[in-house]
Amino acid sequence: MLKGVRVNVGHAAALEVPIPVSRLREAVNDVSLTSLLRQAASPYTILGEARLPLELAQLLASDVFHGRGVERGNGDPVFIIPPFFGGNWSLGTLKDWLNKMGYNAHTDGTRLNTLHMDAMLRTQAAAIAEMHEAYGKKVIIVSHSIGGTLADILAKRYPQHVEHVFTAGSILNEPIKINPLILPGVVLAEAVNVLLYGPGLDWKDTGHVKELLRPSPVPLTSIHSKTDGVVHHETSIRPDADNREVKGTHLGLTHNRHVYEELAASLHEISRSRSRGPKRRQRIRDHAGRRRRASPRVQVHS
């Protein structure tokens, strides 16, 4: 018997889980990664992720971060979804900036995103429904990495609650190309999820990929980088999305000044369209569409 592992998932309390070695092996064997390995990007691209501190320094020195020349929002609700092995702690800079720029940014309190798609989707669906009711406005979703995968599925299942989805470095299309060096982390997360929730949790086998391939019923902006060292940029590009390229690392996309500039301009346009009424909003969505063709109650954390 291995020592208990402390795991925080969503709002669940910390759990002490005694892990039998035999069951851990079964859990690892349940993870279907063969196809991912065949389609994986080159492992050497991950070396570029070492530029993250430089990207953060550039952001902190930028005009957009300090709000110079940035139009303020009208209190529109923004829901932020973390990446794989990320949580509230990994989104603090982005969340604080959104609030300073005049938006109401929230998370669902996720402490650690362990890739349990169904558990995350249940919590987040309740959160965006609560936000929609509280603010009287549809919710804008901003997401990073696998968080964007969740955001896209949420928008397709609950379009009545979602105004717009922004993703950065997210898996949105096939073939799925990820750096093979992160696969041990995927195996570990899947093993923990099998132990906590039972087998059959491989998201590639539960229809989530099929959901991703369907066109989004709400505007989708996908930000990608050709120098992403974790998710190959082609995996983030989809024909129904407004695909925008920036320069930067995968880990640094939530601290990338170019991403903040894209968000500032797009969020302001959404805020303006809301103030001008539904006809203006529809014209903006039609324009975005032309661009794409061309190229249970949950506490929401403030």
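The values are calculated or read from the model by the stated rules, or taken from the named source; none is laboratory data. Computed from a predicted structure; not experimentally measured. Here the Cβ is made from the backbone with ideal geometry for all residues, glycine too, and neighbour counts use every protein chain on show.
Quick notes
- Cβ separations smaller than 9 Å between residues 6+ apart or across chains give the following pairs from the stretch 182-209 residues that are more than 21 Å from Leu154 (Cα to Cα) and hydrophobic (A, V, I, L, M, F, W, C) to residues that are assigned to a loop (DSSP other than H, G, I, E, B) and at pLDDT 75 or above: Ile182/Phe84; Ile182/Val230; Val186/Phe84; Ala189/Phe84.
- Selection of first residues in the stretch 142-159 that are on the phi > 0 side of the Ramachandran plot and crowded, with 24+ Cβ neighbours inside 10 Å and of second residues that are small (Gly, Ala, Ser) and at pLDDT 95 or above, restricted to Cβ pairs under 9 Å at least 6 apart or on distinct chains, gives the following pairs, ordered by first then second residue: Ser145/Ala168.
- Remark: Ala189 matches the filter, which requires a residue to be touching a Leu at 6+ places or on another chain (Cβ under 7 Å), at pLDDT below 75 and buried (at least 18 other Cβ atoms within 10 Å of the Cβ).
- Residues that are out of contact with any strand residue (DSSP E or B) (no Cβ under 7 Å at 6 or more places or on another chain), modelled with pLDDT of 95 or more and not hydroxyl-bearing (Ser, Thr, Tyr) do not occur anywhere in the stretch 196-209.
- When Arg51 is tested against (1) touching a Ser or Thr at 6+ places or on another chain (Cβ under 6 Å); (2) surrounded by fewer than 22 Cβ atoms within 10 Å (Cβ to Cβ); (3) modelled with pLDDT under 90, just one condition goes unmet, and that condition is (3).
- Residue among Lys138, Lys177 that alone is in contact with an Asp or Glu (Cβ under 6 Å, 6 or more places away or on another chain) and at negative phi: Lys138
- Selection count, the stretch 54-75, where residues are in a loop (DSSP other than H, G, I, E, B) and either surrounded by 14 or more Cβ atoms within 10 Å (Cβ to Cβ) or more than 22 Å from the chain's Cα centre (by Cα) (or both): 14
- Filter result for Ser145 (among the hydroxyl-bearing types (Ser, Thr, Tyr) and within 18 Å of the chain's Cα centre (by Cα)): yes
- Within the stretch 212-263, being hydrophobic (A, V, I, L, M, F, W, C), out of contact with any helix residue (DSSP H, G or I) (no Cβ under 7 Å at 6 or more places or on another chain) and not in a helix (DSSP H, G or I) holds for Val231, Ile237.
- Qualifying residue in the stretch 139-146 (condition: in a helix (DSSP H, G or I) and within 17 Å of Leu121 (Cβ to Cβ)): yes
- Candidate set from the stretch 76-101 (those that are assigned to a loop (DSSP other than H, G, I, E, B) and modelled with pLDDT under 95); member that is nearest to Ala264 (Cα to Cα): Leu91
- Selection status of Glu174, assigned to a loop (DSSP other than H, G, I, E, B) and surrounded by fewer than 19 Cβ atoms within 10 Å (Cβ to Cβ): yes
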